[in-house]
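Enquirer: First the structure, then my questions, so here it is.
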Amino acid sequence: MYIIVKDDIPDKIVPVITAHAALACYKKFETNADMTKWINGIFKKVVCLANEIEFDKLKNETDFVLLTESSLDNREVCLAFCPREEYPKKFKFLKMWTPQNS
């Protein structure tokens with residue numbers, strides 16, 4: 001499962017946002033064959049960052065949930081993509097999220 005967070009979201013709320021994203025994605029796609037395979041096996045999640053332009057382009061892909069954050073005036077903050085056998089090539093070029101304050 002790819003979870004994409006906007007690169008201007010404060011690090012301190014990213015873990016909560018990504019936890020919500022993983023659960024929301026599972027709930028939305030729980031009957032999807034790839035999701036069933038993932039939940040019963042691999043269960044790998046990748047958290048990446050995207051700038052505004054990248055984030056908007058990723059919204060043109062399929063099978064994802066979009067999350068907003070009430071503490072940030074309901075801004076769009078995250079996309080979580082249903083697990084699949086292969087993601088488009090652009091996903092491989094996204095930067096992995098790592099906390100900057102540690």
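Enquirer: Taking amide H positions as placed 1.01 Å from N in the peptide plane, with prolines and chain starts having none, which residues 5 or more places from LYS45, or on another chain, fall under 5 Å of its amide H?
Expert: Amide H neighbours of LYS45, under 5 Å, 5+ apart: none.
Enquirer: Non-local amide H neighbours of VAL77 (under 5 Å, H modeled in plane, Pro and chain starts lacking H): which ones?
Expert: Answer set, sorted by chain and number: LEU67, THR68, GLU69.
Enquirer: So, one more: Over the chain, what per residue volume does the convex hull of the Cα atoms give, in whole Å³?
Expert: In the chain, the Cα hull volume divided by residue count equals 101 Å³.
Enquirer: Report, in debye and to the nearest 20, how large the dipole of the chain comes out about its Cα centre when Lys and Arg carry +1 and Asp and Glu carry -1 on their Cβ.
Expert: 320 debye
Enquirer: With a Cα-only, solvent-free Debye model of the stretch 1-57, what are the log10 I(q)/I(0) values at q = 0.13, 0.31 Å⁻¹?
Expert: -0.38, -1.22
Enquirer: Placing +1 on the Cβ of each Lys and Arg and -1 on the Cβ of each Asp and Glu in the chain, which of ASN40, ALA19, ILE53 has its Cα farthest towards the positive end of the resulting dipole?
Expert: ASN40
Enquirer: Please list 20-26, 55-61, 33-39 highest first by mean number of surrounding beta-carbon atoms within 10 Å per residue.
Expert: Numbers: 20-26: 19.0, 55-61: 13.3, 33-39: 15.0.
Output ranking for 20-26, 55-61, 33-39: 20-26, 33-39, 55-61.
Enquirer: Cβ under 9 Å from ASN51's Cβ, ASN51 left aside: what net charge do those residues give with Lys, Arg +1 and Asp, Glu -1?
Expert: Details: positive: LYS6; negative: ASP7, ASP8, GLU52, GLU54.
Overall, the nearby charge balance is -3.
Enquirer: Using label points projected 7 Å from each Cα along Cα→Cβ, tell me how many nm separate ASP34 and THR62, to one decimal.
Expert: Calculated label separation equals 0.9 nm.
Enquirer: Sorting THR62, THR18, THR68 on the 10 Å Cβ count, fewest up front, what's the list?
Expert: Working: THR62 8, THR18 22, THR68 12.
If I rank by nearby Cβ atoms, fewest first, I get THR62, THR68, THR18.
Enquirer: Can you tell me the orientation of helix 14-29 relative to the chain, as the angle in degrees between its alpha-carbon axis and the longest Cα principal axis, to the nearest 10?
Expert: 30 degrees
Enquirer: Expressed in nm to one decimal, what extension gain is obtained for the pair LYS44 and ASP11 from 0.36 nm per residue of sequence separation less their Cα-Cα distance?
Expert: On the way: separation 33, 0.36 × 33 = 11.88 nm, distance 2.10 nm.
Residue separation times 0.36 nm, minus the Cα-Cα distance, leaves 9.8 nm.
Enquirer: Tally the DSSP beta bridges in the chain and give the antiparallel ones as a percent, rounded to 5.
Expert: Taking every DSSP beta bridge with both residues in the chain, the antiparallel ones total about 70 percent.
Enquirer: When a footprinting reagent is the concern and you count Cβ atoms within 10 Å, what order do CYS48, CYS78 take, fewest first?
Expert: Ascending Cβ contact count within 10 Å gives the list CYS48, CYS78.
Read the figures in this text as sums done on the coordinates, not as results from a lab. Note that the structure is predicted; figures quoted are calculated from it, not measured. Here the Cβ is made from the backbone with ideal geometry for all residues, glycine too, and neighbour counts use every protein chain on show.
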